[in-house]
Amino acid sequence: MQFRILGPLRAGVRGRPVDLGGGRSRLVLAALLLEPDRPVPVERLVDAVWPDGPPASARTQIAIAVSGLRRAFRHADSGAGHVIETVRPGYRVPAEAGTIDALAAADEIAAARRDAAAGRLADAAGRFRAALARWDGPALAGLTGPHIEAGAARWDELRLTTIEEAAQVDLVLGRHHELVGDLIGPVGENPYRERLRVLLMLALARAGRQSEALDVYREGRRKLTEELGLEPGRELRDVHAAILRDDPSTHPRPPVVSTPASCEAPRERALRWRRTAGPSRAARDC
């Protein structure tokens, strides 16, 4: 069974979608998938389905929803076994029941971070892109309620952090032209996220589009001051000033050559990454 929560909730077997039923069943499954391989108490499922207060029959209706989901999974795959187990004090989706796109994305992001720390920047960039490709919109799009929205927000925050980390690697690799297109959308969707704006400004400046980079700053400052009553943070101001004075840090740089994994010991690679606050210097061939 394949489950997808990085976007609308979906389930499938060998490419065939599973009918998850109505909103109540979908909320129950979403709550279970947000805590994979862990028992989720019935009370928590009740809160997820009825955040404003449950009916007297809430526990019975949760059991009916679980029964309906099990029936749908068996219909889609007769050999699937128990996709949802009954365990005290509620229910659980066991790890062996299938794959969850969010967990696969988290594994890829962790591997990308290890590659970046080791100087394997091309590998890191590829892994970051593969992880980000798993998102198909906001996590659990269309499902509401404080419990579900809080769990989904954690995955959406990871996506934004990953976009930033991937952009940092791409800047070092000299991919500023491609990066502009990758960042315009996320910056527009998250206008107060200054790190994204900084990265877009640097990509534009290194692509020779300094006036557009300054426009990005002015728009960000306008939104911060007029809508939140705040001034831009230190990093955003520093990059703005660097572009104005044509600082070399805003000029195109020769692409960095990734360091093969065998070139230096793991501890030395980690120390070099920390010293340089990221792979900011060209790696030498071994």
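Just so you know, all these numbers are worked out from the coordinates, no wet-lab data involved. The structure presented is a predicted model; accordingly, all values stated were derived computationally and were not measured. A quick note on method: Cβ atoms are made from the backbone with ideal geometry, for glycine too, and the neighbour counts reach across all protein chains shown.
Some points to look at:
- Modelled label positions at Ser67 and Ala150, each set 7 Å beyond Cα in the direction of Cβ, lie 3.1 nm from each other.
- Averaging Cα coordinates gives a centre for the range 186-229 and one for the range 41-83; these two points are 45 Å apart.
- For the range 2-97, the Cα gyration tensor yields ellipsoid semi-axes of 21, 14, 13 Å (square root of five times each eigenvalue, largest first, whole Å).
- Virtual spin-label span in nm between Glu164 and Ala133, 7 Å along Cα→Cβ: 2.5 nm
- Whole-Hz couplings from phi, Karplus 6.51/-1.76/1.60, listed for the range 181-186; x for Gly and Pro: x, 5, 9, 4, x, x
- Along each principal axis, taking the top coordinate minus the bottom one, the Cα set of the range 180-239 gives 32, 22, 16 Å in descending order.
- Karplus-based coupling profile of the range 56-70, in residue order and whole Hz: 4, 8, 4, 5, 5, 5, 4, 4, 5, 5, 5, 4, x, 5, 4, with θ = phi - 60° in 6.51 cos²θ - 1.76 cosθ + 1.60 and x standing for Gly or Pro.
- Modelled FRET efficiency - R0 41 Å, Arg88 with Ala241, Cβ distances, 0.05 increments: 0.10
- Across the range 82-98, the residues whose backbone nitrogen lies under 14 Å from the label position 7 Å along the beta-carbon direction of Glu35 are 85-94.
- Largest first and in whole Å, the equivalent-ellipsoid semi-axes of the range 74-180 read 33, 17, 12, each the square root of five times a Cα gyration tensor eigenvalue.
- For the chain, the spread of Cα coordinates along the three principal axes comes to 68, 52, 31 Å, biggest extent given first.
- Loop-located chymotrypsin sites (Phe, Trp or Tyr not before Pro) in the range 154-242 (DSSP state not H, G, I, E or B) with no more than 12 neighbouring Cβ atoms inside 10 Å: Tyr192.
- Percent breakdown of C-alpha pair distances by 10 Å bin, ordered from the shortest bin, for the range 130-188: 20, 47, 24, 9, 0
- A Förster radius of 22 Å, combined with the Cβ-Cβ distance separating Leu214 from Asn190, puts the computed FRET efficiency at roughly 0.65.
- Antiparallel bridges, percent of DSSP beta bridges restricted to the chain (to nearest 5): 85 percent
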